[in-house]
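For reference, the structure is listed below as structure tokens.
The values are calculated or read from the model by the stated rules, or taken from the named source; none is laboratory data. Because the structure is a prediction, the values reported are computed rather than measured. Note that we place each Cβ from the backbone using ideal geometry, even for glycine, and neighbour counts take in every protein chain shown. Calculation scope for accessible area: heavy atoms of the full protein, side chains included, ligands and nucleic acids excluded. Shrake-Rupley method; radii C 1.70, N 1.55, O 1.52, S 1.80 Å.
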Amino acid sequence: MKKDYNDVLKDFKEYVKKIEYYNNTLALLQWDLLTGIPEKGIPARSEIIGLLSTESFKLSISDEMEEYLNYFTNEENKGENNNITKGIVRECKKHFDRYRSIPEDKYREYVQLTSQAQSIWE
């Protein structure tokens, strides 16, 4: 049975909301890392940031995300997208295309390293 456009849109928005929840949590952790965490806590916090970043990363480049993007950009559904949906799809596609070729473990290592580097630099 084929899903209704509005049902798919609702599911897609919930999926994107989950990614945003990860990203908002990461912003708070980064702020804490920069403003108040004791020096000995930096490696552990960087590990947590790496883990949550990787989860957000995986959702952003998943096969499920690809299916959503294909659904909302195909000719049959493209005309139903309002400006907000077009913007969400455009941003998700930009991230998808940019990060899809990066191995998950390399991304996680990069995030952890940059989290620690900022604190070391300061």
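Just checking, does the stretch 38-60 include any residue being under 24 Å from Lys3 (Cβ atoms), modelled with pLDDT of 90 or more, among the acidic types (Asp, Glu) and part of a helix (DSSP H, G or I)? No: zero hits.
Leu9 satisfies every condition listed in (1) within 22 Å of Lys106 (Cβ to Cβ); (2) crowded, with 17+ Cβ neighbours inside 10 Å except (1). Scanning the stretch 12-37 for residues that are in a helix (DSSP H, G or I), surrounded by 11 or more Cβ atoms within 10 Å (Cβ to Cβ) and β-branched (Val, Ile, Thr) yields a total of 3. Looking only at residues in the stretch 73-98 that are within 15 Å of the chain's Cα centre (by Cα) and touching a residue at least 40 places away in the same chain (Cβ under 8 Å), which one is farthest from Thr54 (Cα to Cα)? Among residues in the stretch 73-98 that are within 15 Å of the chain's Cα centre (by Cα) and touching a residue at least 40 places away in the same chain (Cβ under 8 Å), the one farthest from Thr54 (Cα to Cα) is Ile88. Each residue in the stretch 67-85 was checked for being open to solvent by less than 90 Å² (accessible area, probe 1.4 Å) and not in a helix (DSSP H, G or I), and 4 pass. Conditions first: (1) hydrophobic (A, V, I, L, M, F, W, C); (2) surrounded by fewer than 16 Cβ atoms within 10 Å (Cβ to Cβ); (3) at pLDDT 95 or above. Ile88 passes all but one, so which condition is the exception? Going through the list (1) hydrophobic (A, V, I, L, M, F, W, C); (2) surrounded by fewer than 16 Cβ atoms within 10 Å (Cβ to Cβ); (3) at pLDDT 95 or above, Ile88 breaks only (2). Scan the stretch 104-122 for residues that are surrounded by 14 or more Cβ atoms within 10 Å (Cβ to Cβ) and touching a Phe, Trp or Tyr at 6+ places or on another chain (Cβ under 9 Å) and the total you get is 3. Of the numbered criteria (1) of a type outside the set (Lys, Arg); (2) in a helix (DSSP H, G or I); (3) without any contact (Cβ under 8 Å) to a residue 12 or more places away in the chain; (4) open to solvent by 90 Å² or more (accessible area, probe 1.4 Å), the one Ser101 fails is (2). Every test in (1) in a helix (DSSP H, G or I); (2) open to solvent by less than 40 Å² (accessible area, probe 1.4 Å) is passed by Glu64 save one, and that test is (2).
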